[in-house]
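Below: the structure, in structure tokens.
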């Protein structure tokens, strides 16, 4: 969620928002995609194991891999993952020198370590049919919303 500052400049809470100035072919930055995705992320796009905890108060919960691979479609770069307890990876994007994690807010005040992370590949993540379906749904919703992917 974004916070308004005194000078009316938008500020965000997702990791890397300050340097997320890369632009896609339409001129949109990750911050602008974050604003759009806030209206698209939903219980249906949330990872099934987390759906019971998903809410509009925590819209980024369970959205990491599908969002990171969608941003990779738009900007290129690589997707990396932070190994979490339980063996799951929390995914984020690295494009050139720009590291951003549109879904980091789901962890509240927890500080994630973005160093020395493992590259993630869609072929492995999308081997799970439900994850591929969630990704396709998110991609279609984004496309119909902004005609940008």
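Please give the contour-minus-distance gain from residue 143 to residue 111: 0.36 nm per residue of separation, less the Cα-Cα distance, rounded to one decimal in nm. Intermediate results must be reported in sequence, preceding the final value.
On the way: separation 32, 0.36 × 32 = 11.52 nm, distance 3.19 nm.
Between residue 143 and residue 111, full extension yields an extra 8.3 nm.
When a footprinting reagent is the concern and you count Cβ atoms within 10 Å, what order do 132, 19 take, fewest first?
Details: 132 15, 19 11.
Least crowded to most crowded, the residues run 19, 132.
Can you tell me the length gained on complete extension of the stretch residue 128 to residue 38, counting 0.36 nm per residue apart and subtracting the Cα distance? Write down the numbers at each step before the final one.
Values: separation 90, 0.36 × 90 = 32.40 nm, distance 2.44 nm.
Here the answer is 30.0 nm.
Defining a contact as two alpha carbons under 8 Å apart and six or more residues distant in sequence, what relative contact order in percent does the range 61-149 show?
Values: 102 pairs, mean separation 26.9, N = 89.
The normalised contact order for the range 61-149 reaches 30 percent.
Listing 42, 117 from the residue with the fewest other Cβ atoms within 10 Å to the one with the most, what is the order?
42, 117
Stretch residue 118-residue 84 to full length: gain in nm at 0.36 nm per residue minus the Cα-Cα span? Mind dumping the intermediate values first?
On the way: separation 34, 0.36 × 34 = 12.24 nm, distance 1.18 nm.
Net length gain for the segment: 11.1 nm.
Let me have the relative contact order for the chain, percent, based on Cα pairs under 8 Å that are six or more residues apart. Kindly include the intermediate steps, with their values, before the conclusion.
Working: 212 pairs, mean separation 36.0, N = 149.
Answer for the chain is 24 percent.
Classify the range 42-105: rounded, prolate or oblate, from the alpha-carbon gyration tensor (a ≥ b ≥ c, eigenvalue square roots; a/c under 1.5 rounded; otherwise prolate if a/b is larger than b/c)?
Cα axes put the range 42-105 in the prolate bin.
Per 5 Å bin from zero, what fraction in whole % of the C-alpha pairs of the chain is there, up to the bin with the longest pair?
Per 5 Å bin, starting at 0, the Cα pair percentages come out as 2, 9, 20, 24, 23, 15, 5, 1, 0, 0.
Using helices alone, what [θ] at 222 nm do you get for the chain, with -39,500 (n - 2.57) per DSSP H run of 4 or more residues, divided over all residues and rounded to the nearest 500? Before the final figure, lay out each step's value.
On the way: 4 runs with 43 residues, N = 149.
Taking each H run of at least 4 residues, the total per residue is -8500 deg cm²/dmol.
Ranking 109, 116, 101 by Cβ neighbours within 10 Å, fewest first, what do you get? Don't skip to the end; give the middle numbers.
On the way: 109 4, 116 7, 101 28.
Listed from fewest to most nearby Cβ atoms, that is 109, 116, 101.
When the Cα centres of the range 68-89 and the range 26-46 are compared, how far apart do they sit, in Å?
Their Cα centres are 16 Å away from one another.
Taking the highest mean first, how do the peptides 85-98, 52-65 order by number of other beta carbon atoms within 10 angstrom per residue?
Numbers: 85-98: 15.6, 52-65: 17.9.
In decreasing order of mean packing, 85-98, 52-65 become 52-65, 85-98.
Every read-out reported here was derived from the displayed coordinates using simple, explicitly stated rules and does not represent laboratory data. Every value quoted in this text rests on a predicted model; they were computed, and no experiment measured them. Cβ atoms come from the backbone with ideal geometry, glycine included; neighbour counts cover every protein chain shown.
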